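Written out below as structure tokens is the structure these notes cover.
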Amino acid sequence: MQLAKPVGRNAAALKYDILSALTIYALSGDKHRQRSVLRIIALITTRYNWQNNELSIGREEISRLWAVNERTVKREMARFRALGWVTVKRPAARGRVAVYEIDLKQIMIDTQEVWPIIGSDFQARMSEDSEPVTNVVPFAAKPPGPEINTPEAKPEDIWSQVQSILHGRDPELWASWFQHLSESERAGGRVILVAPSRFMADYIAQKWTARLLAAYSRVDPSIRTVQVNAAD
């Protein structure tokens, strides 16, 4: 699935599709899911900049929107980060609120189970692939991607499961960056990954740490931090 950026001529329709998927996903779950999803919908509809993929808002303002205390906001935003739905683009500083990004593609992947409920036309429309646009020159790929849920895959092999999640979410990004990583250490809630070069380690650490952590959290919720080092 390649999710187009919700801007331009078809932006309104795509925004409705994303919000529809979130709404039906909430209604198909228990009260905890319903409340949680309603909260992120509130952020999207009131403060989200679709054009720039930016959510500029402070914890105090979120607590007002959600009618909860700031402790609840902190806990819920941490949960969204663990899911990979929200990442911090720029942390809060004195006189400046935090800026978040919302990963719409991850949201659509996680709501895919309810697409048939919305309708076959919705399912067909959202399953259509479009050509991805990127200005990153990829490293040489080694197809095919990793597999899990096969007889060869061992349940305890967490790293191979994480790789499979990353590949399933975005095969081209996986081929360009993630497939070159190796896991060197996993203990005490922390994972250390090794990249073949300093450039790759720095780039992945800057751009994709949240995505790596979200993938790990799906396999092993005890993982709280991911560090990327260079082999040289």
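The values are calculated or read from the model by the stated rules, or taken from the named source; none is laboratory data. Keep in mind that what you see is a predicted model, and the values were worked out from it rather than measured. Note that we place each Cβ from the backbone using ideal geometry, even for glycine, and neighbour counts take in every protein chain shown. Ligands, DNA and RNA are excluded from the accessible area calculation, which covers all protein heavy atoms including side chains. Shrake-Rupley method; radii C 1.70, N 1.55, O 1.52, S 1.80 Å.
For the reader, a short list of remarks on this structure follows.
- Selection of region 57-101 for residues being within 20 Å of Val219 (Cα to Cα) and of a type in the set (A, V, I, L, M) yields Met77, Ala78, Ala82, Leu83, Val86.
- Of everything listed in (1) open to solvent by 60 Å² or more (accessible area, probe 1.4 Å); (2) more than 18 Å from Met108 (Cα to Cα), the single unmet condition for Ser63 is (1).
- Failed item, numbered, when Ala78 is tested on (1) surrounded by 14 or more Cβ atoms within 10 Å (Cβ to Cβ); (2) closer than 25 Å to Leu212 by Cα; (3) of a type in the set (Gly, Ala, Ser): (1)
- Among the residues making up region 197-215, those that are more than 12 Å from Arg81 (Cα to Cα) and open to solvent by less than 40 Å² (accessible area, probe 1.4 Å) are Ser197, Met200, Ala201, Ile204.
- Region 75-88, residues that are under 13 Å from the mean Cα position of the chain (by Cα) and in contact (Cβ under 8 Å) with a residue 24 or more places away in the chain: Arg79, Phe80, Arg81, Ala82, Leu83, Gly84, Trp85, Val86, Thr87, Val88
- Filter result (among the basic types (Lys, Arg) and either touching a residue at least 40 places away in the same chain (Cβ under 8 Å) or surrounded by 16 or more Cβ atoms within 10 Å (Cβ to Cβ) (or both)) within region 23-46: Arg39
- Members of region 98-111 found to be more than 16 Å from Lys15 (Cα to Cα) and modelled with pLDDT under 90, listed by number: Asp110
- The set of residues in region 1-51 being at pLDDT 90 or above and of a type in the set (Gly, Ala, Ser) consists of Ser20, Ala21, Ala26, Ser28, Gly29, Ser36, Ala42.
- Note on region 1-69: enclosed helices (runs of 4 or more DSSP H) holding 3 or more residues that are closer than 18 Å to Glu113 by Cα are 11-27, 31-47.
- Test: Val219 is surrounded by 14 or more Cβ atoms within 10 Å (Cβ to Cβ) and modelled with pLDDT of 90 or more: no
- Check on Glu113, more than 26 Å from His167 (Cβ to Cβ) and either of a type in the set (Asp, Glu) or within 20 Å of the chain's Cα centre (by Cα) (or both): no
- Matching residues in region 96-124 - criterion: being more than 16 Å from Leu22 (Cβ to Cβ) and open to solvent by 90 Å² or more (accessible area, probe 1.4 Å): Arg96, Ser120, Asp121
- Residue that is farthest from Val86 (Cα to Cα) [pool: residues in region 48-67 that are without any contact (Cβ under 8 Å) to a residue 12 or more places away in the chain and of a type in the set (D, E, K, R)]: Arg64
- Selected residue (criterion: least open to solvent (accessible area, probe 1.4 Å)) from residues of region 162-185 that are under 25 Å from Ser127 (Cβ atoms) and acidic (Asp, Glu): Asp170
- Hey, Val73 assigned to a helix (DSSP H, G or I), open to solvent by less than 40 Å² (accessible area, probe 1.4 Å) and under 17 Å from Val97 (Cα atoms) or not: yes
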